[in-house]
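**Student:** Got a structure here, written out as structure tokens. Questions coming.
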Amino acid sequence: MSILLPFLFLLFHGHGAAAGDICIVGSGISGSSTAFFLTNYTSAFSGGQLRVFERCAKVGGRLATVTVAGEDFEAGGSIIHPRNLHVRRFADLLGLAVKTDGDDDWLGIWDGARFVFQTLRPLPPGTSWLRRKLHVLLNSLCLLKRYGLSLLKMDRFVQEMLQRFMLYYNGFESRPVFDTVEEMLKWSGLYGLTRRTLEEELVDAGLNSQTISELVTVITRINYGQSVSISGLAGAVSLAGSESGLWAVKGGNWQLAAGLLEAANTTLHIQEGIDSIHYAGDHYVLKSNKGHEYDCEATVVATPLDEVNITFSPPISIPPRKMQHTHATFVRGLLNHVSVILLSVTNYFITAMHQGTNFYEQQVMDTSIVT
Ligand SMILES: Cc1cc2nc3c(=O)[nH]c(=O)nc-3n(C[C@H](O)[C@H](O)[C@H](O)COP(=O)(O)OP(=O)(O)OC[C@H]3O[C@@H](n4cnc5c(N)ncnc54)[C@H](O)[C@@H]3O)c2cc1C
């Protein structure tokens with residue numbers, strides 16, 4: 001779920017070649033922020049053009065909106081964590097208006113027979129600041145009453161992960177340049193989290209089983225459509241996505257990518273996919289699906305290598321990894337009877353996990369409400 005944990009693969013030629021174009025494959029947040037950083041913070045880029053290739057008709061990649069019934073919805077990266085300092089700075093630099101999460105969601109957790117937990121009914125618009133604060137406090141107390149100290153332990157687990165993540169903002173005096181993602185995670189101490197499941201991590205952190213099967217399950221399901229058996233790192237990121245202060249760009253987060261590409265003065269090749277990248281001794285030759293060839297002094301592949309359909313010569317080694325595809329499904333329709341009854345009790349209801357039942361799948365399919 002993290003914008004700016006890019007799958008960047010950099011191909012630089014050896015020293016001594018003439019300055020030329022720098023090429024970036026992919027116009028998502030990784031490609032566009034790379035363009036921005038190259039333009040603003042390096043002297044390596046001099047003279048040539050900064051070309052960005054995007055095979056789709058729009059920039060932004062997995063930051064995309066869909067329009068249903070005249071309304072725009074985020075279809076990919078929708079919420080940005082307050083500690084994502086780069087993206088916060090991009091939004092400010094580009095003058096993009098942002099919106100923050102409200103505290104007034106009306107949430108209920110359904111165990112198949114009853115609501116095991118419900119937040120208070122939201123306050124009407126125009127309620128005073130003081131009453132709103134009190135409302136948030138009361139909701140926190142309700143949570144504390146049901147989940148007790150496990151809530152604090154969960155928060156500590158997330159804060160520890162975030163503190164390690166923040167180390168990546170250190171300057172080069174105290175932060176090395178990493179060759180691999182593994183190396184990067186080991187340096188900050190996050191690697192261990194990738195070796196175990198979220199559930200294992202949380203049990204070790206002292207959370208009780210009720211909190212894991214109800215609250216944590218709900219959060220991992222909302223954010224990733226997954227259970228607590230995802231990796232500890234993905235799970236910790238998912239839990240961070242339930243904190244307060246989350247925000248988004250009004251009108252769509254894709255504007256971050258569009259703005260950065262413009263600010264970096266890139267030459268944008270939209271709807272032009274790169275089919276092959278050939279190393280020609282002192283530069284790279286990129287061939288596109290439009291039959292064009294581009295000589296590039298350096299090339300950045302800013303799209304997941306696991307999925308990329310580019311022929312590299314000489315070939316590169318891409319270690320096999322198990323990937324899980326996430327499907328964002330938008331349903332426009334009328335709610336069925338069951339849903340309407342439940343919706344009169346809360347405006348979000350989410351199913352808890354119970355061992356031995358296939359409750360999740362059944363309920364999701366029947367009601368189309370659970371995320
Ligand atoms: C459903 C969903 C929900 C998410 N929710 C969140 C969230 O709430 N918060 C958060 O922080 N993150 C979230 N994420 C993750 C976040 O969206 C991604 O991590 C981020 O957008 C990835 O950016 P990227 O630039 O690395 O890759 P991408 O956005 O995938 O960009 C790669 C680009 O490369 C292009 N491309 C690929 N191959 C070629 C080629 N051969 N030639 C030319 N162009 C090519 C693609 O078309 C694409 O535009 C979510 C992701 C998904 C899918």
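**Student:** For residues in the range 212-234 being buried (at least 21 other Cβ atoms within 10 Å of the Cβ) and hydroxyl-bearing (Ser, Thr, Tyr), which is nearest to residue 78 (Cα to Cα)?
**Tutor:** Checked the range 212-234; the qualifying residue nearest to residue 78 (Cα to Cα) is 220.
**Student:** Quick one: which strands (runs of 3 or more DSSP E) sit completely within the range 18-75 and have at least 2 residues that are without any contact (Cβ under 8 Å) to a residue 40 or more places away in the chain and away from the ligand (no atom under 15 Å from the Cβ)?
**Tutor:** No strands (runs of 3 or more DSSP E) qualify here.
Rundown of residues vs (1) within 24 Å of residue 207 (Cβ to Cβ); (2) touching a helix residue (DSSP H, G or I) at 6+ places or on another chain (Cβ under 8 Å); (3) in the same structural domain as residue 215 (by TED's automatic domain parsing), yes/no style:
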site	(1), (2), (3)
155	yes, no, yes
165	yes, yes, yes
178	no, yes, yes
191	yes, yes, yes
196	yes, yes, yes
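**Student:** Among the residues of the range 228-262, what is the count of those that are among the aliphatic types (A, V, I, L, M) and either on the phi > 0 side of the Ramachandran plot or in contact with a Phe, Trp or Tyr (Cβ under 6 Å, 6 or more places away or on another chain) (or both)?
**Tutor:** Summing the residues that are among the aliphatic types (A, V, I, L, M) and either on the phi > 0 side of the Ramachandran plot or in contact with a Phe, Trp or Tyr (Cβ under 6 Å, 6 or more places away or on another chain) (or both) in the range 228-262 gives 2.
**Student:** In the list 5, 93, 50, 38, which residue meets the criterion of being at pLDDT 85 or above and either surrounded by fewer than 15 Cβ atoms within 10 Å (Cβ to Cβ) or under 14 Å from the mean Cα position of the chain (by Cα) (or both)?
**Tutor:** Only one candidate qualifies: 93.
**Student:** I need a count of the residues in the range 287-307 that are of a type outside the set (D, E, K, R), touching a residue at least 12 places away in the same chain (Cβ under 8 Å) and more than 12 Å from residue 20 (Cβ to Cβ).
**Tutor:** Number satisfying all stated conditions: 9.
**Student:** Report, by residue number, each residue of the range 157-207 that is among the aromatic types (Phe, Trp, Tyr) and surrounded by fewer than 12 Cβ atoms within 10 Å (Cβ to Cβ).
**Tutor:** The answer is 169, 172.
**Student:** While we're looking at this one, here's another question. Would you pick out the residues in the range 76-129 that are within 16 Å of the ligand (Cβ to nearest atom), farther than 23 Å from residue 140 by Cβ, in a loop (DSSP other than H, G, I, E, B) and among the hydrophobic types (A, V, I, L, M, F, W, C)?
**Tutor:** 96
**Student:** I would also like to ask the following. So, in the range 273-289, of the ones that are within 16 Å of the ligand (Cβ to nearest atom) and among the small types (Gly, Ala, Ser), which residue ends up surrounded by the most Cβ atoms within 10 Å (Cβ to Cβ)?
**Tutor:** 288
The values are calculated or read from the model by the stated rules, or taken from the named source; none is laboratory data. Please read these numbers as outputs of a predicted model, since none were measured by experiment. Heads up, the Cβs are rebuilt from the backbone with ideal geometry, glycines too, and the neighbour counts pull from every protein chain shown.
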